Amino acid sequence: MKRRTFIDPRNPGETWAEYDTRMKDVVEPETIGLWLDLDCDNSKPKSIHKRFHDWLVKIGFFRSIHYGFWVELPYTSKRFFQHHFDREHIADDDIWNLSDTFARWMYPRLKRFIKSERHSYPSEFAEYHKNEWKSREEYDKAITEGRIQGGGPEAWEKTLQEMLFWFEWKLHYEDYKTDKQRDDFCKKWGLKNPHAHVPENKSVNYYYKSSEPGIACMMCDESDRDKKEPDKYTFLCREVHYFNVRYESDVIWKRAKASRELFGKHLDDLVD
């Protein structure tokens, strides 16, 4: 039978009534749970073993042991043997996301390459020299037409630094948990923090409970509520978000894509 279960990351397994009571006086909660459809049979009582297991899992210490031993240990052991004894030294999870695997492998090597003492740079970044060009005008025209980039070793170093952006964005940006981490990343790369608590990043959602049992709904504006049936919804809470999704997609994601394309363009140029 179908049962609608309320899921809140901070209070897993919390019932709708318990959530309603807890959130009654909350104006701007940090997060809102989700309603998920679960296939389950409530008619069968849980065994003593199952109830004891669920109680242990709810306790943080035992939950960590349970997850680490029963979930992580088999994968970790298999990964170890595949990395060390497999003919190709490739673990199963290495190919689950080749983009991440490649980024983790390449990122420290690219950083080491940038810091190393190199003795050449791509001819595309060649500086003007009278023995190679008929005139300065011809050199400038080649840059304008995109046949060369020019700028010398300084331009090549800037290009290498820009290549790093995709790797740092790919490996770290989505995993940042604090505002300071995001601020440091954005400041390093000359960007605005789309999660900063500033008016341009602010949005407000209004959460209501429908009169239909087991249904919760979210509205981006209070005016979205059905005015013809004012009693159809019961107001739950108002949630304030600070996230500028347009800036992140139009600026940060596009820059990451350009950085990745830059790396692909100059991959064969990464030589001493």
Legend entry - residue 193 vs. criteria in contact with a Cys (Cβ under 7 Å, 6 or more places away or on another chain) and either within 16 Å of residue 252 (Cβ to Cβ) or assigned to a loop (DSSP other than H, G, I, E, B) (or both): yes
Legend entry - Residues satisfying the stated conditions in the stretch 178-192, i.e. at pLDDT below 90 and exposed (fewer than 12 other Cβ atoms within 10 Å of the Cβ): 178, 180
Legend entry - Whichever residue in the stretch 230-269 is among the β-branched types (Val, Ile, Thr) and either part of a helix (DSSP H, G or I) or under 22 Å from the mean Cα position of the chain (by Cα) (or both) and, among such residues, is surrounded by the most Cβ atoms within 10 Å (Cβ to Cβ): 252
Inset, instruction - Write out, first by first residue and then by second, each pair whose Cβ atoms fall under 7 Å of each other, whose residues are 6+ apart or on separate chains, and whose first residue, in the stretch 133-158, is free of Cβ contacts under 8 Å to residues at least 60 places away in the same chain and not assigned by TED's automatic domain parsing to the domain that holds residue 121 while the second is among the polar types (S, T, N, Q) and surrounded by 14 or more Cβ atoms within 10 Å (Cβ to Cβ). - result: none
Inset, instruction - Report, by residue number, each residue of the stretch 193-237 that is at pLDDT 75 or above and of a type in the set (Lys, Arg). - result: 202
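The values are calculated or read from the model by the stated rules, or taken from the named source; none is laboratory data. For clarity, every value in this text was computed on a predicted model and none was experimentally measured. Positions of Cβ are generated from backbone atoms using ideal geometry, with glycine treated the same way; all protein chains shown enter the neighbour counts.
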